[in-house]
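The values are calculated or read from the model by the stated rules, or taken from the named source; none is laboratory data. Just so we're clear, the structure is a prediction, and the values are computed from it rather than from any experiment. Reconstructed Cβ throughout: ideal geometry from the backbone, glycine too, with neighbour counts over all protein chains shown. Areas reflect the complete protein model, heavy atoms only, side chains present, ligands, DNA and RNA absent. Shrake-Rupley method; radii C 1.70, N 1.55, O 1.52, S 1.80 Å.
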Amino acid sequence: MSEATAKRSSLAIWLPLALFGAFFVLVIWGLVRPADREVASAFIGKPLPQFALEAAAQDRPGLSTADFKTGKPKLLNVFASWCVPCAIEAPQMDALAKRGVEIHGVAIRDRSEDVARFLATNGNPFTRIGKDDVSEVQVGIGSSGVPETFVIDGKGVIRYQHIGEIRPEDVDLILRKLAEAGQ
Amino acid sequence: MTRFVKQFAGALLLVLLALAHPATAQDLLPPAPYAYKQLEDPALEAKAQALMETLRCLKCQSQAISDSDAPMAGDMRHQVRTRIAAGEEPEAIRTWLVERYGDYVSYAPQNKPIMWPLFAAPLFILVMAALLLRGRFRRDPKDTGK
Amino acid sequence: MIAELGLAVLWMAAALAVLQLFAGVVALRPGGAAMIGLVRPLAIMQGVLVAISFMALIDLFLETDLTVKLVAENSHSMKPFIFKLAGTWGNHEGSMLLWVTIMAMSGGIVALVEKRLREDTLIATLAGQAFVSIGFYAFLLLSSNPFERLPKAVPEGAGLNPLLQDVGLAFHPPTLYVGYVGLSVAFSFAIGALVTRDVGPAFARAMRPWVLGAWIFLTIGITAGSYWAYYTLGWGGWWFWDPVENASLMPWLAATALLHSASVLASRNALRAWTVMLGVIAFSMSMVGTFLVRSGILTSVHAFAVDPERGSFILALLAIYIGGALALFGFRASTVTEGERFSLFSREGSLVFNNVMLCGTLAIVLLGTLYPLMTEAFDAKVSVGPPYFNPVSAIFVIPMMLMMSVGPLLRWRRDKPGRITALVAIPALITALGLLAVVVFAPSIRILPILGIAVGAGLAVGSWLPLKGRNLRRTPLSVYGMVVAHFGIGVALLGAASESAFSTERLAAMAVGDTQQVGPITVKLLAIAPVAGPNWTALDATVTASYKDSAPVTLHPQARTFSSPPGERTESALHTRWNGQLYAVLGNEGDDGRWQMRFWWKPFVPLLWLGGLLVALGGILSLLGRVAHDVRRLRAEDKIAYRKARLEQVK
C-alpha cells in the first residue's frame, strides 16, 4: 500500500464516527427543539385570492374578497361548528368585536343549521360569514386547520396568521397586529 | 392512579392520531364533488393522480392527499381535479400550492438552494466510493500478490 | 405472584449480564485465565432466565391479570386469544422485554454452540453482548418495568389499538424485532474481533449464520409490513417512504451488504476492515430505526408507541454503543491488515460493487429520511417523498440488479470477461427485449416502471445461470439459496413495476344493484348490512366481481368500528388471481344513499410479496446449507479426534 493510500484510509476510518457525531447532534437538536407540527401559511404579505362565498348564516351576508378592501384592517376567522377549540376562542372573539374589530368568518365544511346553533350558543362576533364547503378559501390562503385567524389590511393583503384558538393572552397581540396593519 | 389515567388518555390520543381523524372534529358535510370522483377523461385523471401522489396531506401524519380519508385531503383532491379539468398544468398547481403552504406541501423536492445537497448526494456518494476504492484492486493479474 | 417472579428473574438476568461482562474483561487480561470458564455458562444462564421472565409476561397477558399496569393498559378480557398473546409485545415495555429476551437467548446460543472461533475472541464477543444488553436491562428495569402492579385492580382493560388488532400486524413487529436484535450478535462478533484483533475467515464464518438469520426475519418482516400497510390503509399503496418504513429498510440494506462482504471474508480472507465496519453499521441501523420510531422525532403515519423520553433513553444507548464501537473501529482498524487482494473483474470485485450500491442506497434512504429535520435547523419545512426516493435510489439499485446477473458467474480473485459473455448474453437479451416490448406496447408508462420491468425480467432469468453446468444434485444448498433469493428480487421488482405501470383505479358512488368496471373486472354491489365481530361492529358490503366472462366471486369490504378502545378501520377486500389482484374498499354513505366505493385492479401485484417471500426462502435454504455443512464438519473433526485418541491409547 502506498503512503498516500495509507493516509487516505486512516482518515476514512474516522469518517463513520464523524457522520455518527453529526447525526447525534442533529437528533439531539431535534429532540429539544419545541415541537412544531403546525404548517404556517406561506401567503403572508400577499393579497387575498378572488373568492365569493355564499352566506353561512341567515342573519349575516356572504363574504367576498371585495369586503376586505375597505381601507380598514379586519380579521378573517376560519372556523367550524364541529370544531371544539373554535368554541373555546369564542369569548375572545366577542371581546375583540366589542373593541371595534371587524371580524369576517369563513365556516369550513359546515351546514347552515349547525352554524346557526353554534352562533346561538357561543355568540356571534362576525359581520359577514362565508360558507366554504370545499375548503376553497382555506386552501387559497394557506390555512391548514381550524381555527385560524388572519389579519387582513385595508387593501386586502394578508398581514398575519394566528394558528389555533385565540386565548385570552393572545388578544393584545392580535390588536397590535391589527394596528400595525392599519399603519 | 392519576398517572395511569394520564397515560391511558395519552394512549387514546395516539390511537386517534394514528387514525388521522381529528379527535373531536368530524364534520357532517358530504365530501367535495371531486374528492372521491374521478375525472371523465382518463388522460386528465392520470395527470391529476400523478400530481396528487406527490402532494402532502396537511392534516395527516405523513400521507399523500391521494392516500388519505381526511376531509381536507378530499378538498385538496377536489381542487387538483377541478384545476386539471380546467386545463391547468400539474406543475402550475404544485407551484400554486407551494406559494400557499411552502415546500412542505410537495413531496417532490423543489429546486431551491436548500435542497441542492440532497440532489448532490448520489454524485457525492459515488465519488467518495471511487476515491476510497482507488488503488485497492490488484492491477496486474499475473502478480499473485503473495 | 407471576409478575413478581418475572421481575425477580429479570433482575437476576441483569445481574448475570454484569457478571458476564466483568468475567469477560478479566478473562481477557493477563492472568485472568481463571475466569475463562465462567463466561459461557453465565451467557447460557442469562438466556434461560430472561426466557422465563418473558414467559411470565405472556402468562399475565393470557390470564388478563388486571392488577398489572401493562395488562390493564393494553389488554381486555374479551379480546380473542391471539390478540391477548400479541398484546404482550404490542406495547413499549413488552417489546423491550422481547428485545432483551432475543438478545440474551442469542448470546446463550452463541455460548452453547460456537466452536470455530478463537476462545479469546469468543469471550470478547460474549462480553460485548453482555455490555450491550446491560443498557437494555437498565432501560427496562429503570424506566419501562413491564411487571409494575397497579395499587388496585381495574375492572376492565383498556384494550389494544384497533389498527393493531390484525393477525398480520400481531406478528409483524416481533418478526422485525428478531431481525433487529439478531444484528446485535453480528455487532458483538465485530466488537469481539476488533478487541482481540482477530478479523479473519473464522470470524466471518461464525458471524454469517447470525446475519443470515437476522436478515431472513427482516426480509419477512418488511414483506409482511408492506402487505399489511397495503390492505389496511385502504388506498392500495404498499410503500410510502415513510420514516417508519425507512427505519425497517435501512437495517435490511446494511445486513444485505454485510451478508455479501462476510462471504468474501469467509471464503477469500478479503474485505476485513470493511466487514467489521458493516457489522457495526448494521446494528446501528437497527438502533437508529428503533430510535426514529419510538422518539416520534419525525412524523409518520405508522406512529404508535411514540414517547420523546424513551427516545432520549434509546439515543443515549445509541451514543454509548455505536459511538463507542465506531471509536474502537477508528483505533483498531488501521491495525487490521488488508486481506487478500483481487482484481476488479472477479467475484470479489462484483461483490464490492454490490456493497457500494447497497450502501449508496442506504445513505440515500438515511439522508432523505433525516433531511426534513436538517432543513428545519435552517428554518425551512420541507418534505422528501417518493419523487426523490424512487429515482435516486434507482441510480444505485438498477446497476446493482444488472450486476446480480453477472457477479455470481465470475470466478474468485480474477476472471476474464470472455469466459462469461455467452452466458450473460441471455439476461442481457431479455432485458433489451423487455425494454423494447414495453416501449412499443405501453409507451405511456413512466421511465422507472419501464426500467423495472426490463431489469426485473432479465434478473428473474439471469439469477438461474449460476446453476448452469453444475451437477444439480451435488450443488450446495447455499448456492440454491443465492439463486432463489436473487430470483425473488427480480420477481419482486417485476411486481412493483407492473403495479406502478398498469394499475387501474375506479372511484364510484354506488347504490345497491349498481355495476362498475375496473380494468378487466366487472363489480356489482349486492348489499350493505351491519355485522358484528368479537369486539367490533361493521358495515359489510357484499360485492361480486367477475374477471372478463368468468364466474363471479364474492368479496366483503368492511368499515369496522371498535369499541375498546374506540376507533375505526376500513377492512379492504382482496381477490387474487394469477395475473393480478382486485382491491375493494367500502367508504362512506353519501346524501343520496349511494356508497363511496373504491376499486383497484393491480396486474401482477402479488409478485411483489411473493418475491419478498422467495428472497426469505433463499435465505432459509442458504442458512440450512451452512448449518448442515458446519455440523458435518464438526462431526468429522470429532471423528478425527476420536481416532487420534484411540490411536494414542493403542500406543
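At a 1.4 Å probe, which residues in region A:79-112 are at least 40 Å² less accessible with all protein chains present than in their chain isolated? The answer is A:W82, A:R109, A:R111. The overall shape of chain C, judged from the alpha-carbon gyration tensor, is oblate: a/c is not under 1.5, and a/b is no greater than b/c.
Burial here means at least 10 square angstrom less accessible surface with every protein chain in place than with the chain by itself, probed at 1.4 Å; in region B:110-127 the buried residues are B:I114, B:M115, B:P117, B:L118, B:F119, B:A121, B:P122, B:I125, B:L126. The charge dipole of region C:2-342, taken about its Cα centre with unit charges on the Cβ atoms of Lys, Arg (+1), Asp and Glu (-1) only, comes to about 1000 debye. By accessible area, using a 1.4 Å probe on protein heavy atoms only, the protein assembly as shown has 64% of its surface on carbon and sulfur.
Could you run the numbers on buried accessible area between C and B, total for both chains, 1.4 angstrom probe, in Å² to the nearest 100? Please report the intermediate quantities before stating the final value.
Numbers: alone 28630 and 11020 Å², together 34610 Å².
Rounded to the nearest hundred, the buried surface is 5000 Å².
Which one, B:V80, B:F124, B:L51, is farthest towards the positive end of the dipole of region B:28-136 when Lys and Arg carry +1 and Asp and Glu -1 on their Cβ? Going by the Cα projections, it comes out as B:F124. A crude spin-label estimate for the pair C:W464 and A:K72, with each label 7 Å from Cα along the Cβ direction, gives 8.3 nm.
Give, as a single signed number, the net charge of other residues whose beta carbon lies under 13 Å from the beta carbon of C:A538, with Lys and Arg counted +1 and Asp and Glu -1. Walk me through the numbers before you get to the answer.
Values: positive: C:R560, C:R569; negative: C:D540, C:E568, C:E571.
Value of the local net charge: -1.
Surface exposure of the protein assembly as shown, expressed per residue as accessible area with a 1.4 Å probe, stands at 42 Å².
Spin-label model, A:R117 to C:E156: label points 7 Å out along the Cα-to-beta-carbon direction sit 2.8 nm apart.
Give, as a single signed number, the net charge of other residues whose beta carbon lies under 14 Å from the beta carbon of C:P408, with Lys and Arg counted +1 and Asp and Glu -1. All intermediate terms of the calculation are to be shown ahead of the outcome.
Numbers: positive: C:R347, C:R411, C:R419, C:K468, C:R470; negative: C:E348, C:D415.
Neighbourhood net charge equals +3.
Prolate is the label for region C:504-604, because the ratio a/c of its alpha-carbon gyration tensor axes (a ≥ b ≥ c) is 1.5 or higher and a/b is greater than b/c. Partner shielding of C:338-347 amounts to 4, given as the average count of beta-carbon atoms from other chains within 10 Å of each residue beta-carbon. Taking amide hydrogens as placed 1.01 Å from N in the peptide plane, the amide H of B:L55 sits under 5 Å from those of B:I65, B:S66, B:Y107, each at least 5 positions away in sequence or on another chain.
So which residues in region A:134-173 end up with at least 40 square angstrom less accessible surface once the other protein chains are there, compared with the chain by itself, probe 1.4 angstrom? With the partner chains in place, region A:134-173 has these residues losing at least 40 Å²: A:V134, A:V139, A:S144. Take the accessible area of chain C alone and of chain A alone, subtract that of the pair, and you get about 2000 Å² summed over both chains, using a 1.4 Å probe.
At what distance in angstrom do the alpha carbon centres of region C:60-86 and region B:54-72 lie from each other? When both Cα centres are located, 34 Å separates them.
Look at the dipole of region C:506-651 built from charges on Cβ: of C:S622, C:F604, C:S550, the Cα furthest out on the positive end belongs to C:S622. Peptide B:59-72 has a mean of 6 when you count, residue by residue, the C-beta atoms of other protein chains within 10 Å of its C-beta.
Report, in debye and to the nearest 20, how large the dipole of chain C comes out about its Cα centre when Lys and Arg carry +1 and Asp and Glu carry -1 on their Cβ.
Details: 49 positive and 37 negative charges, 695 e Å.
Charge dipole of chain C: 3340 debye, to the nearest 20.
Computed with a 1.4 angstrom probe on protein heavy atoms, the B-A interface buries about 2400 square angstrom of accessible area in total.
Rounded if a/c is under 1.5, else prolate if a/b is larger than b/c, else oblate: which is the protein assembly as shown, with a ≥ b ≥ c the root eigenvalues of its Cα gyration tensor?
prolate
Mean sequence separation of contacting Cα pairs (under 8 Å, at least six apart), scaled by the length of chain C, corresponds to a relative contact order of 11 percent.
Dipole magnitude of region C:123-281 about its Cα centre, charges +1 at Lys/Arg Cβ and -1 at Asp/Glu Cβ only, in debye to the nearest 20?
Details: 7 positive and 6 negative charges, 127 e Å.
Charge dipole of region C:123-281: 620 debye, to the nearest 20.
Taken residue by residue and averaged, Cβ atoms of other chains lying within 10 Å of the Cβ of A:20-30 number 6.
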